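In what follows, a structure is listed as structure tokens, so that the remarks can point back to it.
The values are calculated or read from the model by the stated rules, or taken from the named source; none is laboratory data. Bear in mind that the values here come from a model prediction, so they are computed numbers and not experimental data. Ideal geometry is used to build each Cβ from the backbone, glycine not excepted, and the neighbour counts take in all protein chains shown. To get the accessible areas, we keep the full protein, side chains included, count just its heavy atoms, and leave off ligands, DNA and RNA. Shrake-Rupley method; radii C 1.70, N 1.55, O 1.52, S 1.80 Å.
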Amino acid sequence: MLARVNAIALNTFREAIRHRILYLLLVFAVVLISFAQILSLLTVGSEEKIIKDFGLATIDVFGVLTAVFIGIGLVSREIERRTVYTLLAKPIHRFEFVLGKYAGLALTLLVNTCVMTAWFFLVLLIKGMFDPRLGIAVLLLFFQFLLITALAVLFSCVSTPILASVMTLALYVVGHLLWSLDLLAKRLQTETGRILCRVLYYLLPNLGNFDIKGEIVHGLAIAPGRIAWATIYLLVYGCAILWTACAVFERKELQ
């Protein structure tokens, strides 16, 4: 099983790095990280904090865009081109196909994140502002990319590429605003409304678990167990999403 998943993952990685949109997003990210120094001169505030905050935000946004646009296309394109029939005609289970695609995209995201981070750190080293704790923030951002990729693969198995992109990006936004559901539950008068808010709070992906940019940029302490909790959350929630994607693809009628 592992050999088959690895083979699909490597083929997916080779296909992904030939994708033009990957290089386009990477170039935009590098340009924006370089632009942070100019932005810091045009705004009020600490130059160091602005450059660090803008750099981390750039890695966050372009990592998610890469996960969405390439992740969704990898599965749907195989179905549209009917190359999936050739693969599934071989002794390969459908869940191995899904896991291989996911692993290939995760490898692509790892390389993409390393390139953006290397450029970001180089800019900070030149400016004399490098902080090793930034590596922890980037690591949690990569965990977030892995979760977003799992959602993108799931939606690509159940919907069209455009709708899957919209739903994945919508969950990315909602995942960073889940704290508002807790506030809303406290203000609602009805018990039914409060229960609904709590259910949605635990059901939807809480991407705030992977966001420590504020603590790192402002030099604040990271809460004990924060990284361990983010790792456990990724493993549990991510495995549940991938298991659902595999189950859906097993029952999907390919025409």
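Stokes-Einstein diffusion for the chain, with the hydrodynamic radius set to the Kirkwood value over Cα pairs and evaluated at 37 °C in a medium of 0.692 mPa s, equals 167 µm²/s.
By the rule of a C-alpha distance below 17 Å, with chain neighbours fewer than 8 residues away ignored, the aspartates and glutamates paired with LYS101 are GLU15, GLU78, GLU80, GLU250.
Ligands, DNA and RNA aside, PHE155 has an accessible area near 30 Å² when probed at 1.4 Å. By the rule of a C-alpha distance below 27 Å, with chain neighbours fewer than 8 residues away ignored, the lysines paired with LYS127 are LYS49, LYS52, LYS213.
First compute the accessible area of the chain with a 1.4 Å probe, then give the percent of it belonging to carbon and sulfur atoms. Walk me through the numbers before you get to the answer.
Details: 9250 of 13160 Å².
About 70 percent, which is the carbon plus sulfur part of the accessible surface.
Taken over the Cα atoms of the range 1-65, the convex hull encloses 94 Å³ per residue.
Starting with the highest mean, order 53-64, 234-245 by the number of other Cβ atoms within 10 Å, averaged over the residues of each peptide. Show your work: numbers first, answer last.
Values: 53-64: 21.7, 234-245: 16.3.
Highest-to-lowest ranking by the protection proxy: 53-64, 234-245.
Looking at the chain, which longest stretch skips every one of the trypsin sites (Lys or Arg not before Pro) that is in a DSSP loop with at most 10 other Cβ atoms within 10 Å, leaving the sites themselves out? Longest site-free region, per DSSP loop and neighbour criteria: 83-255.
Is there a quick way to get the dipole size of the chain? I mean about its Cα centre, with the Cβ of Lys and Arg at +1 and of Asp and Glu at -1; what is the value in debye to the nearest 20? Could you put the intermediate results ahead of the total?
Details: 22 positive and 15 negative charges, 101 e Å.
In total the dipole reaches around 480 debye.
Would you mind checking the tilt of helix 134-158 against the longest principal axis of the Cα atoms of the chain, expressed as 0 to 90 degrees and rounded to 10? On a 0 to 90 degree scale, this one is about 30.
Which angle from 0 to 90°, rounded to the nearest 10, does the C-alpha axis of helix 191-203 make with the longest principal axis of the chain? So the inclination is approximately 80 degrees. By the compact-protein rule of thumb, 2.2 N^0.38 Å, the alpha-carbon radius of gyration of the range 122-179 corresponds to a ratio of 1.56. Only Cα sites of the range 65-159 enter the Debye sum here, all with the same form factor; the resulting log10 I(q)/I(0) across q = 0.13, 0.17, 0.20 1/Å is -0.54, -0.77, -0.94, listed in q order.
Counted residue by residue at 0.36 nm each, then reduced by the alpha carbon distance between them, the extension gain from MET1 to ARG198 reaches 67.0 nm.
Taken about its Cα centre, the range 154-255 carries a charge dipole of about 180 debye when Lys and Arg each add +1 at the Cβ and Asp and Glu each add -1 at the Cβ.
Sequence gap at least 6, Cα distance under 8 Å: using those rules, report the relative contact order of the chain to the nearest whole percent.
Reported as a whole number, the value is 25 percent.
Between ILE216, LEU203, CYS157, the Cα set farthest toward the positive side of the dipole of the range 144-234 (charges on each charged residue's Cβ, about the Cα centre) is that of LEU203. Modelled spin-label separation between ASN11 and PHE130, with each label point placed 7 Å from Cα along the Cα-to-Cβ direction: 4.1 nm.
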